[in-house]
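Quick notes on the structure that follows.
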Amino acid sequence: MLTIDAEILEAIVAHARRDHPDEACGVVAGKIGTDRPERLVEMDNVERSSTFYRFDSMEQLRVWREMDDRDEEPVVIYHSHTATEAYPSRTDISYAGEPGAHYLLVSTRDPDVTEVRSYSIVDGAVTEEPVKVLNAAVDPHAVQKYLFGQSPTTVDYECPA
């Protein structure tokens, strides 16, 4: 299970929406061995593509060295899909090189629905995992719409006034 603070998750979604129609990408670092994402690092998609992302190799080297210096590791590696659901593509699976990381995907295909899903990707095997959001604030007058599971089923939650 991925446990992530609402502020970090909201920043990831904002990054994905800001970079749309290109895919956004980045890392959330955390102290080694804790599995706690604590420090968001937005990265450049060197491909500037709506269908593919790739970290700039020099930026990735700098970020990974910085994590080493701070006794951190990549807890979350995230990117967005601009026209498809938040599910890893064959390319995403083949590039997944951090077996201990959570691979978080954000779909920006629908501006009115936030679709965020997390996966473990180890040796080409993809396993979806639940996401627990800490410190989430809900507007008591809003209708929230979330997308759950692998099939695109929606659930509307009407918050009491």
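The values are calculated or read from the model by the stated rules, or taken from the named source; none is laboratory data. These figures come from a predicted structure and were not determined experimentally. For neighbour counting, all protein chains shown are included, and Cβ atoms are generated from backbone atoms with ideal geometry for every residue, glycine included.
Evaluate the following for ALA11: is it modelled with pLDDT under 95, under 25 Å from TYR87 (Cβ atoms) and among the small types (Gly, Ala, Ser)?
no
Working only within the range 20-56, note down all residues that are under 12 Å from the mean Cα position of the chain (by Cα) and either buried (at least 21 other Cβ atoms within 10 Å of the Cβ) or polar (S, T, N, Q) (or both).
GLU23, ALA24, CYS25, GLY26, VAL27, VAL28, PRO37
Does any residue in the range 96-109 that is surrounded by 15 or more Cβ atoms within 10 Å (Cβ to Cβ) come within less than 6 Å, Cβ to Cβ, of a residue that is in a loop (DSSP other than H, G, I, E, B) and of a type in the set (S, T, N, Q) six or more places away or on a different chain, and which pairs are these?
Listed by first residue and then by second, the contacts come to THR108/THR82.
Conditions: (1) at pLDDT 95 or above; (2) in contact with a Leu (Cβ under 8 Å, 6 or more places away or on another chain). TYR103 meets all but one. Number of the miss?
(2)
Would you confirm whether or not the range 109-116 contains a residue that is among the acidic types (Asp, Glu), within 15 Å of ARG17 (Cα to Cα) and part of a strand (DSSP E or B)?
Within the range 109-116 (the criterion being among the acidic types (Asp, Glu), within 15 Å of ARG17 (Cα to Cα) and part of a strand (DSSP E or B)), the answer is yes, since at least one residue qualifies.
Could you check, for the range 57-64, whether at least one of its residues is in contact with a helix residue (DSSP H, G or I) (Cβ under 8 Å, 6 or more places away or on another chain) and aliphatic (A, V, I, L, M)?
Looking for residues that are in contact with a helix residue (DSSP H, G or I) (Cβ under 8 Å, 6 or more places away or on another chain) and aliphatic (A, V, I, L, M), one finds none in the range 57-64, hence no.
Considering (1) surrounded by fewer than 17 Cβ atoms within 10 Å (Cβ to Cβ); (2) at pLDDT 95 or above, say which one PRO130 fails and leave the rest.
Failing condition for PRO130: (2).
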